[in-house]
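Reviewing the structure listed below.
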Amino acid sequence: MSGEHVLICVAWPYANGPLHLGHVAGCYLPPDIQSRFERARGNRVLMVSGSDEHGTPITVTAEQNGITPQDVVDKYHSINSKALLELGCTWEPHVDPRGIEYGGALFNRTSDPRHKRMVQDNFTQLMNAGLFETKTMKQFYENNPDGSPGGRFLPDRYVEGTCPSCNEDGARGDQCDSCGATYEAMELQNPVSKMNPEAKIEIRDTDHMFYRLDVFQDVLEQHALQQQSAWKSNVRAMTKQWLDMGLRPRAVTRDLSWGIPLPLDDAEWDGKCVYVWFEAVQGYSTCARIWAQDYAASNHELGAEAWRKWWCIDEDGAVPRHLYFLGKDNIPFHTVIWPALIMGLNHAANGKTIAEAVELPGPGDLALESNVPAMEYLMLAGGQFSKSRKHAVWLPSFLERFDPDTLRYYLGINMPENHDSDFNWPDFVEKINSELIAAYGNFVHRVLTLGARLESSPSGPFASFDDLSLTRDVQEKLESLHAEITDSLNRHRFKEALRLAMNAAQAGNQMLQSATPWKFLKVQDDKEYNTLRNTALSRLAFGWRVSRFLAIVMQPFLPFSSAKLWKALGQEGNVSEVHWDSAIDWTVPLSWNDSPPEPLFKRLDLEEILASEQSLVDADQSSEQPSHGVKGGKKSKKKPKMEMNNMTEAPEGTAYLNFETFMEVDLRIGMISSVEDHPNADRLYVVRLDDGTEEGRTICAGLKEFYKPEDMVGKNVVFVSNLKPRPLRGVTSEGMMLAADDGEGNVRLITTDGDIAVGSQVR
């Protein structure tokens, strides 16, 4: 049996609200495209995810609505799992139609008792291996608003304030939704209790268990080095930032009752549970095990241990391919924390303790990730989608009104792979009507409607005109496109792959335009006419093969319309089960469906959509659909439609910046006067900069592996002077020096050409 074992791990959505389009673009559409492609290639795919049902987002929602956390997760697990299925995500069937040995899929829940037991078992293994330590930490504590005795510790999401990085209000206690920065809770400025803003909060000591991430520093650096060629630039950069800061022990328990109880009998641990970051990432492993228990126990050669095929390195050293799909804010959890947990579990399973060096996985061990094709953000009206701030277009609501393939196309062609992209209704309508329908939909409809006007036969109307010798040029074009699409999907370049597939539709349209088959539908007793007719209709007949090509290569992106087209072509079975390479098999016998051809898609009316969206805004929807106000939600009177459509678009890989925004950045020249080691971060320097003021300034820089201190002193460098000061491990950094990074391990400071006074502005 051929086929590579591929584990597709999908970020677990919090079950505290409906999914929005930002979730879909960043986390849920890309893995479905990938899984469909891998299955079509003949690989053995197991896709795992589910609802993340613990943690403070759940309890916050419950408290805000006066219901229990269980009520919250039950409601939104049902809503979200249904929406993902309606979007076409392949969470069902649970077993691959080719057989259990080919894998399947499971969208599970972290409230599953089996998941809880597995997490507790892993907790115990790591603890027994000495990979935990107990530490006293500072945490915000909310006193009772009425002044009565007692109160409660406030987990991160129960605290809001001003982001220490971007100065945005409404930042969470551990992370800012606006800029994506993570930080220690004590760094948050102007902190208040999210649930009781008027309550007095203070800082108290509390004991917690910490995972010894610092033990994994060296081996994670080895792993990151090995992954440089696979990871995208955003993954490399964020991972490097974490490693450069130097890893420290991280809490694995928290003061919260909603979660997995600690497997400890000591009373001192009452009122604490497993920290959700420690628990949720383990869902990738526990979900695979639960899938094997439920679906493979009786009919797989390994029974309930079938999950090992997708998780463990075999005796010959063959490694299953692990792909993790998530948004950019979760990158460090999947390139630093989760690998450290996997290696810790391997370490413990091999009977080793913290006294022994940690090693990269070997035969029999759990495998690390092969790639983390993390996405940037899909923006809404220039701002990030957010459930908590009720700024979103909600997936369930969208699917009630629109064809799911239109959303899959728009998000696929606008996917935030390398930079943030934006959702707006005018662009959505434009791309569906002018691209999807005008190029793809119209081509296949022309082929089918013209074919329906020809005299049919048992083999269909095209059988007598199927002369491949007359279409060699188009065959070669499609074969080339097929190879390019395959390469793009292998590299997780979904936008690029979809654009290439659309090029095939354009090639089909060009073929029909040059052949003009509609001129030769009638039979005439004229030799010259019939010669021309045979050539033109052979191109039309090949249009059937182009349509079949499109049904196969579009299937990962547009499964519903591909299935509809497959049926319209008279092909048997399911297009999702057809081998990928069959798209360029020109020997497949032609078939036909005598039913009247129907368009694949319906045109969209922008005015109707905008009116509908505005009515939703005016109606002030409930928390399930809190806000539909989006860019383009109100008709603009400032610019005519033609002017808006002719605006210059940013090239691929580029996000245009407003001139006014750029001018707010104050770049200046400074001279490095001294360089010292950071007292609390092994990978950082503390740089003193002469910036033309009496005080000068201090900047923390992760340049240790690229420069010795003596090589930096005396250099005139470019720095950002108006960056908000930010504490970094006890040292306040007052700016940022600019450096160039070629992605190959070479980093150089940006310096001046010749002498110029310190403090000079860079224009």
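The values are calculated or read from the model by the stated rules, or taken from the named source; none is laboratory data. Here the structure is a predicted model, which means the values were calculated and not measured. Note: ideal-geometry Cβ built from the backbone for every residue, glycine included; neighbour counts use all protein chains shown.
Would you pick out the residues in segment 570-594 that are assigned by TED's automatic domain parsing to the domain that holds Trp544, in contact with a Gly (Cβ under 9 Å, 6 or more places away or on another chain) and buried (at least 19 other Cβ atoms within 10 Å of the Cβ)?
The answer is Trp580, and nothing else.
If we only count helices (runs of 4 or more DSSP H) wholly inside segment 441-529, which ones have 2 or more residues that are under 30 Å from Arg321 (Cβ atoms)?
Of the helices (runs of 4 or more DSSP H) lying wholly inside segment 441-529, those with at least 2 residues that are under 30 Å from Arg321 (Cβ atoms) span 472-490, 494-515.
With segment 1-118 as the region, which helices (runs of 4 or more DSSP H) entirely inside it contain at least 1 residues that are closer than 20 Å to Ala392 by Cβ and among the β-branched types (Val, Ile, Thr)?
Working: elements: 29-40, 56-65, 69-86.
By residue number, 56-65, 69-86.
Confirm whether Arg321 is crowded, with 19+ Cβ neighbours inside 10 Å and not small (Gly, Ala, Ser).
no
Tell me, which residue of segment 55-113 that is among the aliphatic types (A, V, I, L, M) and farther than 30 Å from Phe402 by Cα is modelled with the lowest pLDDT?
Here the answer is Val60.
If I go through segment 120-171 residue by residue, how many of them are more than 20 Å from Asp270 (Cβ to Cβ), in a helix (DSSP H, G or I) and modelled with pLDDT under 90?
Number satisfying all stated conditions: 2.
Only residues that are surrounded by fewer than 16 Cβ atoms within 10 Å (Cβ to Cβ) and within 17 Å of Arg548 (Cβ to Cβ): list them for segment 434-451, please.
Thr449
Among (1) in contact with a strand residue (DSSP E or B) (Cβ under 9 Å, 6 or more places away or on another chain); (2) at pLDDT below 95; (3) among the aliphatic types (A, V, I, L, M), there is one condition Leu7 misses while meeting the rest; what is its number?
Result: Leu7 fails condition (2) only.
If you go through segment 92-120 one residue at a time, how many are in contact (Cβ under 8 Å) with a residue 12 or more places away in the chain and farther than 18 Å from Glu38 by Cα?
12
Name the residue, out of Trp544, Trp518, that is touching a residue at least 24 places away in the same chain (Cβ under 8 Å) and surrounded by fewer than 20 Cβ atoms within 10 Å (Cβ to Cβ).
Details: Trp544 fails: surrounded by fewer than 20 Cβ atoms within 10 Å (Cβ to Cβ).
Going through Trp544, Trp518 in turn, just one is touching a residue at least 24 places away in the same chain (Cβ under 8 Å) and surrounded by fewer than 20 Cβ atoms within 10 Å (Cβ to Cβ): Trp518.
Criterion first (assigned by TED's automatic domain parsing to the domain that holds Val45 and surrounded by fewer than 22 Cβ atoms within 10 Å (Cβ to Cβ)) does Pro361 satisfy it?
Details: assigned by TED's automatic domain parsing to the domain that holds Val45: yes; surrounded by fewer than 22 Cβ atoms within 10 Å (Cβ to Cβ): yes.
In short, yes.
Count, please, the residues in segment 732-742 that happen to be buried (at least 16 other Cβ atoms within 10 Å of the Cβ) and over 16 Å from Cys179 (Cβ atoms).
Total satisfying the criteria: 4.
Scan segment 708-724 and give yes if some residue there is closer than 27 Å to Cys163 by Cα, of a type in the set (A, V, I, L, M, F, W, C) and more than 36 Å from the chain's Cα centre (by Cα), otherwise no.
No; the residues of segment 708-724 include none that is closer than 27 Å to Cys163 by Cα, of a type in the set (A, V, I, L, M, F, W, C) and more than 36 Å from the chain's Cα centre (by Cα).
Can you tell me which residue is modelled with the lowest pLDDT among those in segment 369-418 that are charged (D, E, K, R) and more than 18 Å from Leu326 (Cβ to Cβ)? I'd like the intermediate steps shown before the answer.
Our first condition is that a residue be charged (D, E, K, R); within segment 369-418, this holds for 369, 376, 387, 389-390, 400-401, 403, 405, 408, 417.
Going one step further and asking which of them are more than 18 Å from Leu326 (Cβ to Cβ), we end up with 389-390, 400-401, 403, 405, 408.
Numbers: Arg389: 51, Lys390: 57, Glu400: 94, Arg401: 93, Asp403: 97, Asp405: 98, Arg408: 98.
The selected residue is Arg389.
Can you name the condition, by its number, that Gln293 falls short on among (1) in the same structural domain as Val336 (by TED's automatic domain parsing); (2) assigned to a loop (DSSP other than H, G, I, E, B); (3) surrounded by fewer than 17 Cβ atoms within 10 Å (Cβ to Cβ)?
Gln293 satisfies every listed condition except (2).
Identify all residues within segment 566-586 that are among the hydroxyl-bearing types (Ser, Thr, Tyr) and within 13 Å of Met554 (Cβ to Cβ); write none if there are none.
Matches in segment 566-586: Ser576 only.
Looking only at segment 503-515, filter to residues that are of a type outside the set (S, T, N, Q) and in contact (Cβ under 8 Å) with a residue 60 or more places away in the chain; which one of those is farthest from Gly543 (Cα to Cα)?
Among them, the one singled out is Ala505.
Would segment 344-354 turn up any residue that is within 24 Å of the chain's Cα centre (by Cα), crowded, with 17+ Cβ neighbours inside 10 Å and within 21 Å of Gln227 (Cα to Cα)? Give the derivation first.
Filtering segment 344-354 for residues within 24 Å of the chain's Cα centre (by Cα) gives none.
Looking for residues that are within 24 Å of the chain's Cα centre (by Cα), crowded, with 17+ Cβ neighbours inside 10 Å and within 21 Å of Gln227 (Cα to Cα), one finds none in segment 344-354, hence no.
Going by what's in this entry, would Val319 be described as part of a loop (DSSP other than H, G, I, E, B) and under 23 Å from His492 (Cα atoms)?
Working: part of a loop (DSSP other than H, G, I, E, B): yes; under 23 Å from His492 (Cα atoms): yes.
Yes, satisfied.
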